[in-house]
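The values are calculated or read from the model by the stated rules, or taken from the named source; none is laboratory data. Owing to the predicted nature of the structure, the values given are computational and were not obtained by experimental measurement. A quick note on method: Cβ atoms are made from the backbone with ideal geometry, for glycine too, and the neighbour counts reach across all protein chains shown. For the accessible areas, the whole protein counts, side chains as well, though only heavy atoms, and no ligand, DNA or RNA atoms are used. Shrake-Rupley method; radii C 1.70, N 1.55, O 1.52, S 1.80 Å.
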Amino acid sequence: MEVDKLLPEVENVLREAGAKMLSMVRPKVYTKEGHANYVTEGDLAIQTLVMERLARILPGSLFYAEEKEENTLTDEPTWIIDPIDGTANFIRGCEHSCISAALAQNRETVMGLIYNPYRHTMYTAIKGQGAWRDGERITVSSCPFDRALVRFGSSPYQPRLAHATVAALEEFLHSCGDVRRLGSAALDLCAIAEGSNDIFFEYRLSPWDYAAGMLLVTEAGGICTSTDGSPLEISHPMGVLAASPACYEGALAICRKHLEDVE
Ligand code: IPD
Ligand code: CA
């Protein structure tokens, strides 16, 4: 399958989904399982739209998506979709959310797209070919570890990870430039890929949060693993660490050390 030929059509699907996101103000909100976990009518409507359009682009492909029941990953071509990453921001009108779509084959991401409709910014990556923002090549930064800007996620649906997250953050604050928490893991990974930030970590994410972003980071010359340094898999939830080569080892040492607080 020549995935690069599919890219323009998939970009159009994400733009259409982004327009829908912007049109939905004050969406209906429903509660999900877990601490402070919500879904809105926007997440459901966008997922339906994206799945319907992508099934037409690649007939027979399967879906692994945040608001879908029963997700299992096989070797078959599978779209991994987060219809709205940054749902809490979307609910509160914070204007920092996106749509993330990845195509996996043999359980590996081969194409990844993340669209930020508030900024009309499209991030794309194709395995072995590179990463782009609005068609321009992007690369990770060369900023040294002691000046790094560190993005993090607080694993909000897993309160047991709070202590380790805060302990790691304190150490990052002492060792690096500064820290930031914006509320969309997919857009955090875009920031690492484009080099506007240098390190991202979150002790637990789901595959739809990072399947596209991990490819963006690696195709932009960065490193993306689990928070213990093992290879990142897209078949089940994991901790995620993404960084430029200049910052990865220092970041891994901190993430690993505080993982001990969890186990
Ligand atoms: C969440 C966001 C958030 C991260 C959470 C994710 P959602 O995704 O990416 O930044 O901290 O762990 O679950 O629920 O908005 O799709
Ligand atoms: Ca998400």
Worksheet item: Identify, please: which residue in region 55-89 is open to solvent by less than 10 Å² (accessible area, probe 1.4 Å) and of a type in the set (Val, Ile, Thr) and is, among those, nearest to Ser154 (Cα to Cα)?
Response: Ile84
Item to complete: Give the residues of region 161-196 that are of a type outside the set (A, V, I, L, M, F, W, C) and assigned to a helix (DSSP H, G or I), sorted by residue number.
Response: His163, Thr165, Glu170, Glu171, His174, Ser175, Asp188, Glu194
Response to the item:
Apart from one, (1) open to solvent by 10 Å² or more (accessible area, probe 1.4 Å); (2) more than 11 Å from ligand 2 (Cβ to nearest atom) all hold for Ala191; the odd one out is (1)
Practice prompt. Kindly provide the set of residues from region 65-114 that are within 14 Å of ligand 1 (Cβ to nearest atom) and hydroxyl-bearing (Ser, Thr, Tyr), ordered by number.
Written response: Thr87, Ser97, Ser100
Worksheet item: With respect to Gly221, is the statement that it is in contact with a Pro (Cβ under 8 Å, 6 or more places away or on another chain), open to solvent by 10 Å² or more (accessible area, probe 1.4 Å) and outside any helix (DSSP H, G or I) true?
Response: yes
Worksheet item: Taking region 152-186 only, how many residues are within 16 Å of ligand 2 (Cβ to nearest atom) and surrounded by 24 or more Cβ atoms within 10 Å (Cβ to Cβ)?
Response: 3
Worksheet, complete the sentence: Quick count over region 190-234, residues being charged (D, E, K, R) and touching a residue at least 60 places away in the same chain (Cβ under 8 Å), is 4
Discussion item. I need every pair where a residue in region 136-152 that is over 15 Å from Cys224 (Cβ atoms) has its Cβ under 6 Å from the Cβ of a residue that is loosely packed, with under 13 Cβ neighbours inside 10 Å, sequence separation at least 6 or different chains.
Written reply: Leu149/Asp178
